[in-house]
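These notes concern the structure reproduced below.
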Amino acid sequence: MSRRPLVRECPPTTWYFRQPRYLRYMSREITSVFVGAYCVLLVVGLQRLSAGPAAWEAFLLGLRSADSIVFHLLALAAAVYHATTWFNATQKAMPIQIGEDFVPGNVISGAHYVAWAVLSVVILYLAGVF
Amino acid sequence: MAKSHKPVVWFPFAAGGTVIAFFIPVIVVLTFLAALGHIPAGLSYERMHALAGNGLGKLIIFGVVALSLWSSAHRLRCTCYDFGVRADTLVATVLYVVAIVGSLLSAMYLLQI
């Protein structure tokens, strides 16, 4: 008698519609598209910066278009969604034990949020936004 | 002992995930302001050139760009697989090559400044 392992049917392209948590997972996956595209923009920006003042000014002016604004809104939403889910996961990924007890998860994630806020404000200040 | 090359891929991925979470949102805000026509003073050529001309500045910019690129490449690879593109070797090769070339180009541009 042969024993064959159970192979559960799994549609490769539509599996994530089965469960809301799969959809949330996939929505987080999609953020990598916009973050990745934005990273490419950063590399282009570095090239323009190395090419001199005129090239850099043209690069900044080139950002001023309706398409660019839409892309930036999508990239911003993707980056913030990535950041919040990443910080929420830190308490699961690196639990901290002190003596017998674990540090509460909210404290670990909360510390990341505080550091994120401080860092963002400092960078905005250094960049002369306010 | 079983050997795996996975840590080599995974460590920069995790480091990149953290770098993206901390740095990319605020950097997007800066270029978004430029897109809206309010270019922050810190994005002027003089200030950006001074930042990228400094050794520590170069290191920070390279770290943020290279780690973000690598992390995004690894995540895009997983995303392709999850959306049903099962040619993983091809996808991984293309994405990692793009990330490595992008990192090398960034280093080259930074060294030219």
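Any read-out appearing in this document is the output of simple, stated calculations on the displayed coordinates, not a laboratory observation. All values reported here derive from a predicted model rather than from experimental measurement. FYI the Cβ positions are ideal-geometry reconstructions off the backbone, even for glycines, and counts take in every protein chain you see.
Here are a few things to note about the model shown:
- Of the residues making up the stretch B:46-94, those that are on the phi > 0 side of the Ramachandran plot and crowded, with 18+ Cβ neighbours inside 10 Å number 0.
- Matching residues, the stretch A:80-130, being aliphatic (A, V, I, L, M) and not in a helix (DSSP H, G or I): A:Met94, A:Ile96, A:Ile98, A:Val103, A:Ala127, A:Val129
- Whichever residue in the stretch A:94-114 is among the small types (Gly, Ala, Ser) and surrounded by 13 or more Cβ atoms within 10 Å (Cβ to Cβ) and, among such residues, is farthest from the other protein chains (Cβ to nearest Cβ): A:Gly105
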